[in-house]
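Before any comments, here is the structure.
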Amino acid sequence: MQKIKKFVILNCAFVIVLMLLVVPVFSFAQTNADKGLIPCGRSPGPNVDLATTKPCEFKDFMTLINTVIKFILFKLVVPISAVMFFYAGFLMVTSGGSTEARGKAKNIFSNAVYGLVIAAGAWLIIRTILSILSPEGAWTWIGF
């Protein structure tokens, strides 16, 4: 009975944390409805001016890649790693001298650091490759 109670509590906590991370993404999904992921190829509609529609180019593809990378790096990786650091710190503080709990917390700390390093390294590699391949001015890292 005790194991079932602990399992239910941990799953509820996981769902709550997941909802805290996911719900804002959906609520802010349409803050700028006219912009979209790429600023090209929009068909005329009630909210789209004919003067703003244009055919897609390679520069727009680079803008799409830039938008997706910024979303993954800043809206997913950083908050998830912050939650993992918090959880590992909580385990460390509440370990009560248990070497097993301290070892688990240290393992979570190191895995979160490894994840951040891998994400930053992947970002640097992709940014370098796209800077080399893209035409002048297509790959800009605005806001960083």
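Provide a single number: the residues in region 72-129 that are of a type in the set (Ser, Thr, Tyr) and either in contact with a His (Cβ under 8 Å, 6 or more places away or on another chain) or assigned to a helix (DSSP H, G or I) (or both).
We begin by selecting, within region 72-129, every residue of a type in the set (Ser, Thr, Tyr); these are 81, 87, 94-95, 98-99, 110, 114, 128.
Going one step further and asking which of them are either in contact with a His (Cβ under 8 Å, 6 or more places away or on another chain) or assigned to a helix (DSSP H, G or I) (or both), we end up with 81, 87, 99, 110, 114, 128.
Looking only at that region, the number is 6.
Yes/no per residue for (1) modelled with pLDDT of 65 or more; (2) closer than 26 Å to Ile132 by Cβ; (3) over 22 Å from the mean Cα position of the chain (by Cα):
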| residue | (1), (2), (3) |
| --- | --- |
| Cys12 | yes, no, yes |
| Ile16 | yes, no, no |
| Val23 | yes, no, no |
| Phe28 | no, no, no |
| Asn32 | no, no, no |
| Pro44 | no, no, yes |
| Asp49 | no, no, yes |
| Phe61 | yes, yes, no |
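Among the residues of region 89-112, those that are of a type in the set (A, V, I, L, M, F, W, C) and over 24 Å from the mean Cα position of the chain (by Cα) comprise Leu91, Met92, Val93, Ala101.
Working carefully through the options Gly115, Gly36, find the one that is under 24 Å from the mean Cα position of the chain (by Cα), at pLDDT below 75 and not hydroxyl-bearing (Ser, Thr, Tyr).
Numbers: Gly115 fails: at pLDDT below 75.
The conditions single out Gly36.
For region 99-109, check the following and say yes or no: at least one residue is among the small types (Gly, Ala, Ser), within 30 Å of Val17 (Cα to Cα), at pLDDT 90 or above and surrounded by 14 or more Cβ atoms within 10 Å (Cβ to Cβ). Yes, because at least one residue in region 99-109 is among the small types (Gly, Ala, Ser), within 30 Å of Val17 (Cα to Cα), at pLDDT 90 or above and surrounded by 14 or more Cβ atoms within 10 Å (Cβ to Cβ).
The values are calculated or read from the model by the stated rules, or taken from the named source; none is laboratory data. Keep in mind that what you see is a predicted model, and the values were worked out from it rather than measured. Because the Cβ atoms are built from the backbone with ideal geometry, glycine has one as well, and the counts that use them run over all protein chains shown.
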